[in-house]
Every structure is written in structure tokens, then in C-alpha cells.
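Q: Here it is: the structure, laid out below.
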Amino acid sequence: MKALVQRVLQASVTVNGELVSSIDKGFLVFFGVEKGDTLKQVDFLAHKIAALRIFEDENGKMNLNLSDVGGSVLLVSQFTLAADTSRGNRPGFDNAASSDIAQNLYLAMAEKLRAYNLCVQTGIFQADMKVSLINDGPATFLLEKKGDLLNA
């Protein structure tokens, strides 16, 4: 399971020319689910995202989390994060979870983040989404939790 977290000043999702979701300051999170991923990874990554201290404090140090700055989350499903690019020039998607499993874990991630009292907006699962953002920094972080590392 992978979550690509971008610190943003603003982000939005449009589908078929219509605005679906938007946030101001916060995180744009691209979320990818791989075969074998479970709710345990969702729990781990939701906690990590909610607690991630990547906003600057009064001393210019990355020391504040979403709650500290009143930030929101825009959660966007992105199966391409499960791509295998190790061979050739065309990505392979054998590692991606089935759409049913991926959608259930995506919805679970949104709910887990809301359980941390965060404002969470979402895209539309499997839609052709147009994502706009104003990256802050830029500051982008890849969070991963593999199933075989759950006890690590």
C-alpha cells in the first residue's frame, strides 16, 4: 500500500468538467492499493498521515501536523502507484489489487482519516479525474506499508 502525500495550499478534483472536491491548505494524498494489502496497512498509514509533521512552525522547522494547522485531506485513488516499472518501458499492473478490494480499502482510508477528526474530501473511484494543486514547498513524501513488514 502506498500513499503519496503532497503538502498543498490548494487542491481539487474535477470529473467530466465538474468540480467534485476541493481543499485549501492540507494534504493531497494519492492512494494506491496492492495485492495482499489489508485494513492493517490502512490503520498504519492513516495514523502516519494524520500525525505527519510536515508543516513549518514559527522557526521554519517541519514540526506541525494537519490538526495543528487546521488542514484538510483530499484523498485520490491512484492504482498507478502499484505499477511495476522495473522492466521495459510500459508499466505493468500485476501488483495492483482488484478494483473491489482497492475500493473498499480506499473508502476505509477515508473513514480512518475522518476518525482522526480531519476534514477529508475524496475523488471518484475509477473515474477519469483531473487533479489540480498548488504544491507547497514543494513537499512530497511517499509512505509505504508492505504486508510482510507489519510486525516491523
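Q: Taking the chain as a Gaussian network, where each spring joins two C-alpha atoms under 10 Å apart, which residue of 61, 48, 25 fluctuates the most?
A: It is 61.
Q: What value does the range 1-106 have for Rg/Rh, both radii from Cα atoms and Rh as Kirkwood defines it?
A: Ratio value, two decimals: 1.03.
Q: Would you work out the charge dipole size for the chain about its Cα centre, treating the Cβ of every Lys and Arg as +1 and the Cβ of every Asp and Glu as -1, and quote it to the nearest 20 debye? Before the final figure, lay out each step's value.
A: Numbers: 15 positive and 17 negative charges, 45 e Å.
Dipole about the Cα centre, nearest 20: 220 debye.
Q: Among rounded, prolate and oblate, which fits the range 93-137 when a ≥ b ≥ c are the square roots of the eigenvalues of its C-alpha gyration tensor, a/c under 1.5 means rounded, and a/b larger than b/c means prolate?
A: Numbers: a/c = 2.06, a/b = 1.20, b/c = 1.72.
In terms of gyration-tensor shape, oblate.
Q: With the convex hull built on the Cα atoms of the range 47-98, state its orientation-averaged projected area in nm².
A: On the way: hull surface 23.3 nm².
With every direction weighted equally, the projected area is 5.8 nm².
Q: Something else now. What does the accessible area per residue of the chain come to in Å², with a 1.4 Å probe and no ligands, DNA or RNA counted?
A: Ligands and nucleic acids excluded, the result is 56 Å² per residue.
Q: How many nm separate the modelled label positions at residue 63 and residue 10, each set 7 Å beyond the Cα in the direction of the Cβ?
A: The modelled label-to-label distance comes out at 3.0 nm.
Q: Calculate how steeply helix 39-51 sits against the longest principal axis of the alpha-carbon atoms of the chain, using the helix alpha-carbon long axis, and give the answer as 0 to 90 degrees to the nearest 10.
A: With both axes taken from Cα atoms, the answer is about 20 degrees.
Q: Residue 53 to residue 115: FRET efficiency via 1/(1 + (r/R0)^6), r the Cβ-Cβ distance, R0 22 Å, to the nearest 0.05?
A: Details: r = 19 Å, r/R0 = 0.87.
Given R0 = 22 Å and the Cβ-Cβ separation, E is 0.70.
Q: To continue, here is another question. Given the options 15, 33, 73, which has the most mean-square fluctuation in a GNM of the chain, springs set between C-alpha atoms less than 10 angstrom apart?
A: Fluctuation is largest for 15.
Q: Then there's this: If I compute solvent accessible area with a 1.4 Å probe over the protein chains, what percent of it on the range 46-152 is carbon and sulfur?
A: Details: 3030 of 6570 Å².
Of the solvent-accessible surface of the range 46-152, carbon and sulfur hold 46 percent.
Q: Here is a follow-up. Which angle between 0 and 90 degrees, to the nearest 10, do you get for helix 99-115 versus the longest principal axis of the chain when only C-alpha atoms count?
A: 20
Q: Report the residue, chosen from 111, 58, 18, that carries the largest GNM mean-square fluctuation when the chain is represented by alpha-carbon nodes joined by springs under 10 Å.
A: 58
The values are calculated or read from the model by the stated rules, or taken from the named source; none is laboratory data. All of these numbers come straight from a predicted model, not from anything done at the bench. Virtual Cβ from ideal backbone geometry, glycine too; neighbours counted across all protein chains shown. Side chains included, ligands, DNA and RNA excluded: accessible areas come from the protein's heavy atoms. Shrake-Rupley method; radii C 1.70, N 1.55, O 1.52, S 1.80 Å.
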